[in-house]
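> I'd like to ask you about the structure that follows.
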Amino acid sequence: GLPNSTLHSWARPRGGATPVITCFPTRGREATVPFIGFAEAYVLSVFRRAGVPMQRIRPAVEVLSSGIGVDHALASRRLYTDGAEVLYDYATEHDEEELGGLTVVRTGQREFAEIVRDYLKRITYGDDGWASRVRLPAYQHADVVVDPRRAFGMPLVVHGGARVEDLVDRFVAGDTLADIAEDFGVPEPEVEDVVRVATRAGT
């Protein structure tokens, strides 16, 4: 749900600024954003949904990296366990109301606000503590995941195992939802959901 221009500004900022998501140098038509960069962008999109303005995104990333003590903090399980406390302390010290709004007090501890927590729960972390899979939030019925170990990291519908782009391509080519569902083994309501999101996104 991010504009391409926003993602580009995070990956390749102007003026020599440090990128806030991980990306590789451009090499022909090869992908430049690895999965860890995708996970970082997903978390930043959550912060944007929660009301953090663009000019506060970079300071938030910097304070999380230094406060949690790891590079790529946005893709680390420690963001979920320690990030709320780090952001709250920074927001209080620097009177950053927008960043402070990302957290709440629950059972005597500082936690992420519900909107942030719900989105972060969609990230699965591996045994190494890094994001290993993300369930995408745009879908009402379909369970769509991005997993670098499956379908080369392309969005995949869990029920049936079809790539999102394959379902959409068939629909654009004129096939009915019922035919697509039968051919790919994906329940028809989920095919319809995938097409709805793709159409809304303009793909």
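> Determine whether the range 119-130 contains at least one residue that is under 13 Å from the mean Cα position of the chain (by Cα), open to solvent by 20 Å² or more (accessible area, probe 1.4 Å) and of a type outside the set (Ser, Thr, Tyr).
yes
> Quick check on the range 143-153. Is at least one of its residues open to solvent by less than 10 Å² (accessible area, probe 1.4 Å) and part of a helix (DSSP H, G or I)?
Within the range 143-153, not a single residue is open to solvent by less than 10 Å² (accessible area, probe 1.4 Å) and part of a helix (DSSP H, G or I).
> While we're on this one: Cβ-Cβ under 9 Å, sequence separation 6+ or interchain: first residue in the range 114-133 and assigned to a loop (DSSP other than H, G, I, E, B), partner hydroxyl-bearing (Ser, Thr, Tyr). Which pairs?
Filtered contacts from the range 114-133: LYS121/TYR80; ARG122/TYR42; GLY126/SER132; GLY129/SER76.
> A further question on this structure: Tell me, please, whether a residue that is free of Cβ contacts under 8 Å to residues at least 60 places away in the same chain and in contact with a Lys or Arg (Cβ under 7 Å, 6 or more places away or on another chain) can be found in the range 168-181. Can you show your working first?
So in the range 168-181, the residues free of Cβ contacts under 8 Å to residues at least 60 places away in the same chain come out as 168-181.
Now drop any that are not in contact with a Lys or Arg (Cβ under 7 Å, 6 or more places away or on another chain), which leaves 180.
Yes: one or more hits.
> Among (1) crowded, with 17+ Cβ neighbours inside 10 Å; (2) touching a residue at least 60 places away in the same chain (Cβ under 8 Å); (3) more than 15 Å from ALA11 (Cα to Cα), there is one condition ARG49 misses while meeting the rest; what is its number?
(1)
> Oh, and also: Report the residue count in the range 189-203 for those that are closer than 15 Å to LEU156 by Cα and either assigned to a loop (DSSP other than H, G, I, E, B) or among the acidic types (Asp, Glu) (or both).
First pass over the range 189-203, keeping only residues closer than 15 Å to LEU156 by Cα: 190-195, 197-198.
If we keep only those that are either assigned to a loop (DSSP other than H, G, I, E, B) or among the acidic types (Asp, Glu) (or both) as well, we get 190, 192-193.
Residues in the range 189-203 being closer than 15 Å to LEU156 by Cα and either assigned to a loop (DSSP other than H, G, I, E, B) or among the acidic types (Asp, Glu) (or both): 3 in total.
> Please enumerate the residues belonging to the range 79-100 that are assigned to a loop (DSSP other than H, G, I, E, B) and open to solvent by 40 Å² or more (accessible area, probe 1.4 Å).
Residues of the range 79-100 assigned to a loop (DSSP other than H, G, I, E, B): 95-96.
Across the range 79-100, the qualifying residue is only ASP95.
> State whether the residues of the range 63-74 include one that is within 15 Å of the chain's Cα centre (by Cα), surrounded by fewer than 22 Cβ atoms within 10 Å (Cβ to Cβ) and not β-branched (Val, Ile, Thr). Give the steps one after another, and end with the answer.
Here is the first cut: in the range 63-74, the residues within 15 Å of the chain's Cα centre (by Cα) are 72-74.
Subsequent filtering for residues that are surrounded by fewer than 22 Cβ atoms within 10 Å (Cβ to Cβ) retains 72.
In the following step, the residues that additionally are not β-branched (Val, Ile, Thr) were identified as 72.
Within the range 63-74 (the criterion being within 15 Å of the chain's Cα centre (by Cα), surrounded by fewer than 22 Cβ atoms within 10 Å (Cβ to Cβ) and not β-branched (Val, Ile, Thr)), the answer is yes, since at least one residue qualifies.
> Quick one: which of THR103, THR107, THR32 is out of contact with any Ser or Thr (no Cβ under 8 Å at 6 or more places or on another chain), open to solvent by less than 60 Å² (accessible area, probe 1.4 Å) and more than 19 Å from ARG135 (Cβ to Cβ)?
Going through THR103, THR107, THR32 in turn, just one is out of contact with any Ser or Thr (no Cβ under 8 Å at 6 or more places or on another chain), open to solvent by less than 60 Å² (accessible area, probe 1.4 Å) and more than 19 Å from ARG135 (Cβ to Cβ): THR103.
> If you don't mind, another one. Out of (1) under 30 Å from ALA142 (Cβ atoms); (2) of a type outside the set (S, T, N, Q); (3) in contact with a helix residue (DSSP H, G or I) (Cβ under 7 Å, 6 or more places away or on another chain), what's the single condition that is false for VAL70?
In the conditions (1) under 30 Å from ALA142 (Cβ atoms); (2) of a type outside the set (S, T, N, Q); (3) in contact with a helix residue (DSSP H, G or I) (Cβ under 7 Å, 6 or more places away or on another chain), VAL70 misses (1) alone.
> Within the range 142-194, how many residues turn out to be among the charged types (D, E, K, R) and under 25 Å from LEU120 (Cα atoms)?
8
> Filter the range 9-24 down to the residues that are at pLDDT 90 or above and open to solvent by 100 Å² or more (accessible area, probe 1.4 Å) and list them by number.
PHE24
> Go through ALA39, ALA17 for me and flag whichever is touching a residue at least 60 places away in the same chain (Cβ under 8 Å) and either among the hydrophobic types (A, V, I, L, M, F, W, C) or not in a loop (DSSP other than H, G, I, E, B) (or both). Steps first, please.
Values: ALA17 fails: touching a residue at least 60 places away in the same chain (Cβ under 8 Å).
One residue alone meets the criteria, ALA39.
The values are calculated or read from the model by the stated rules, or taken from the named source; none is laboratory data. Note that the structure is predicted; figures quoted are calculated from it, not measured. A quick note on method: Cβ atoms are made from the backbone with ideal geometry, for glycine too, and the neighbour counts reach across all protein chains shown. Just so you know, the surface numbers come from the protein's heavy atoms only, side chains and all, with ligands and any DNA or RNA stripped out. Shrake-Rupley method; radii C 1.70, N 1.55, O 1.52, S 1.80 Å.
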